[in-house]
Amino acid sequence: MKRMASVRKSSNASGTSTKSRKPAASRRRFAVCVRNDGYEASLERNKIYAVLPDDEAERDGDLRVVDESGEDYLFSADRFVAIEVPAAVRASLLKAAQG
């Protein structure tokens, strides 16, 4: 995972943190990490992560997730499987993601 200050990113680089940007909870989605090779300190396999909206990243095949550092970064989408969660679980995950 490479941090970049530039708004534009290459196809395999990670973006900068946007912790101060609060996306609408209604657009929040969740995904399970199924592959963390090379990012063992940042991602836990089989853990549910909040996916933040980032249309540009998704067009490039990436997802913006809140990782183990508590900040959001871009990771390749093939590391995750999107899931639907019940409302009660969604509320609990969103509360946990806000720290």
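The values are calculated or read from the model by the stated rules, or taken from the named source; none is laboratory data. Every value quoted in this text rests on a predicted model; they were computed, and no experiment measured them. Cβ placement follows ideal geometry from the backbone for every residue including glycine, while neighbour counts extend to all protein chains displayed. Keep in mind that these areas ignore ligands, DNA and RNA; they rest on the heavy atoms of the full protein, side chains included. Shrake-Rupley method; radii C 1.70, N 1.55, O 1.52, S 1.80 Å.
Details
- Scanning the stretch 4-23 for any residue that is at pLDDT 95 or above and either in contact with a strand residue (DSSP E or B) (Cβ under 9 Å, 6 or more places away or on another chain) or open to solvent by 40 Å² or more (accessible area, probe 1.4 Å) (or both) turns up nothing.
- Qualifying residues in the stretch 34-47 (those that are closer than 17 Å to Leu93 by Cβ and open to solvent by 20 Å² or more (accessible area, probe 1.4 Å)) - the one farthest from the chain's Cα centre (by Cα): Asn46
- Among the residues of this structure, Ser69 counts as one that is open to solvent by 30 Å² or more (accessible area, probe 1.4 Å), of a type in the set (S, T, N, Q), modelled with pLDDT under 95 and assigned to a loop (DSSP other than H, G, I, E, B).
- The listed residue being modelled with pLDDT under 95 and not in a loop (DSSP other than H, G, I, E, B), out of Ala31, Ala57, Ala82, Ala88: Ala88
- Among the candidates Ala87, Ala82, the residue that is open to solvent by 30 Å² or more (accessible area, probe 1.4 Å), touching a strand residue (DSSP E or B) at 6+ places or on another chain (Cβ under 6 Å) and of a type outside the set (Val, Ile, Thr) is uniquely Ala82.
Per-residue answers, yes or no, for (1) without any contact (Cβ under 8 Å) to a residue 60 or more places away in the chain; (2) in contact with a helix residue (DSSP H, G or I) (Cβ under 8 Å, 6 or more places away or on another chain):
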position: Arg28; (1), (2): no, yes
position: Cys33; (1), (2): yes, yes
position: Arg64; (1), (2): yes, yes
position: Phe80; (1), (2): yes, no
position: Ala87; (1), (2): yes, no
position: Ala91; (1), (2): yes, no
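- In the set (1) surrounded by 14 or more Cβ atoms within 10 Å (Cβ to Cβ); (2) within 21 Å of Arg90 (Cβ to Cβ); (3) at pLDDT 95 or above, Ala50 fails one condition alone, (3).
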